[in-house]
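Accompanying notes for the structure given below.
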Amino acid sequence: MLDETLLDDPDALARVDRRGLLRGAAEAGARVRTAARHAAEAGVAELNPEGRPRSILVAGPGSAAACVADIVTTLAGASAPVARLHATGVAAASGAYRWTLPGWAGSVDLLLITTTDGTEPGLALLAEQAYRRGVTVVAVAPHRSPLADAVGSTHGLVVPMAVAPHELSDEEAQEASPAALWALLTPLLALLDRVGLVAAPADTLQKVADRLDRTAERCGPAVATYGNPAKTLAAELADTLPLIWTEGPTAAPAGRRFAALLAELAGRPAFAAPLPEALATHRVLLAGDFAGGADPDDFFRDRVEEAQALHARVVLLRDRPTGGLTAAPAARELALGHDTTISELEPESPDATPDDPAADPDRAPDAAAPEAPRPAATEGAADLESLAELLAVTDFAAVYLALTSRPSRLNTT
């Protein structure tokens, strides 16, 4: 149950936010700048790669590391295959997770390790295994952590994780902070730009930080719900089963991240799927027990003791459609045809004009006047900025839902 009185009470939100989640979401832009500086100080800009790696392997625990792998796959997947290494089990002696390199990994591959902790023995063992196999290792981890020492001793590159001063003595706050994603991701973007896999030079990272700052201003706790897209989305998702549908090159990882945060922070189940596949995979959810018209609310239900039945709500996250083709009209028709409400979120397009096809995502480019291709660097910067905005709004929404849901607040004591 959502406590709507909290949404427009910044002081009350601050009191229940014991883990500093709102502060972490607001600091995302600053974390990008600090992480970019750490990457430069670690020597990323001075690297002289001899060529692109054959493949990229990504390892690390937690939802932030999973999202890093997802984003790297989205941005660099067309240039080199990306594979996330999952923990294979728990060692009986130490109770720690283990990671193992695939049998084909060798000297032409790149291993990226990300962690907000740095004490995982399994990651240190992975770094040693990579050294023996000749795999290049780059790690983003807390400064002077056991993992940083292990990677440094095996001639790998370590970039200290950007940590806010108030998180230095609170490892739980570091891991829970929405800004942890950007602390881990930013140095890797700088590295992948250097090896020619992603267009993310210093000026692009600055634009990403600026976009995160602007979004934080729009979504902050002092902004009322009616003008705050994150608070509005949180209120719309109260007592619903979110079906997060995504369209566009960067919307998919943002949607999967949103679903993961809803479960991790707010304790809410959610399902994410890209369009047009979502039209088939989620059709039964719209027509079954979670349909908007199914199991109407019982007038005699005890509003205090008995929970309201969950109904599906579609959240449509959209970036620019690939090739001008869009499944959004079909998505709206399917949702509304099953009496299911739909929320839509898409990043700002500051360069779009009313006559520009990009100003109307549902309008395909005119065949007689095809859209002029953008330079790769410009397109890469636009993708990163769009991704940053979608992540920021949904991060804030997940935090608001976590803070204003009564059972969730009880679990944070």
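A short reminder: the numbers here are calculations on the coordinates, not readings from a lab. Computed from a predicted structure; not experimentally measured. In this analysis, Cβ positions are derived from the backbone assuming ideal geometry, glycine residues included, and neighbour counts consider all displayed protein chains.
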Amide H partners (placed H, <5 Å) of residue 241, local residues excluded:
311, 312, 313
Going by Cα centres, the stretch 197-219 and the stretch 102-157 are how many Å apart?
28 Å
Global geometry of the stretch 26-128, whether rounded, prolate or oblate, following the gyration tensor of its Cα atoms and the 1.5 cut on a/c
oblate
In whole Å, what are the extents of the stretch 193-240 along the principal axes defined by its C-alpha atoms, from largest to smallest?
46, 25, 11
What the 10 Å binned alpha carbon P(r) of the stretch 42-198 shows, as percent of pairs per bin from 0, is 11, 43, 37, 8, 0
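By per-residue mean of other Cβ atoms within 10 Å, what is the highest-first order of 260-266, 105-111? Don't jump to the answer; show the numbers that get you there.
On the way: 260-266: 20.6, 105-111: 18.9.
So the peptides 260-266, 105-111, ranked by packing, come out 260-266, 105-111.
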Sorted by mean Cβ packing within 10 Å, highest first, what order do the peptides 388-394, 113-119, 201-207 take?
388-394, 113-119, 201-207
Search the structure for amide H atoms under 5 Å from the amide H of residue 405, placed 1.01 Å from N in the peptide plane, and list their residues when 5 or more places away or on another chain.
3
Once phi is turned into θ = phi - 60°, what whole-Hz ³J(HN,Hα) does the Karplus curve with 6.51, -1.76 and 1.60 give for every residue of the stretch 101-109, x standing for Gly and Pro?
6, x, x, 8, 5, x, 5, 9, 10
Show me, for the stretch 393-400, the HN-Hα J-couplings you get by feeding each phi into the Karplus relation (A = 6.51, B = -1.76, C = 1.60, θ = phi - 60°), rounded to Hz, glycine and proline as x.
5, 6, 4, 4, 4, 5, 5, 4
Compare the peptides 194-200, 51-57 by average per-residue count of other Cβ atoms within 10 angstrom and give them in order, highest first.
194-200, 51-57
Using θ = phi - 60° and the Karplus form 6.51 cos²θ - 1.76 cosθ + 1.60, what ³J(HN,Hα) does each residue of the stretch 212-226 get, whole Hz, x for Gly and Pro?
4, 5, 5, 5, 5, 5, 6, 10, x, x, 7, 8, 5, 4, 5
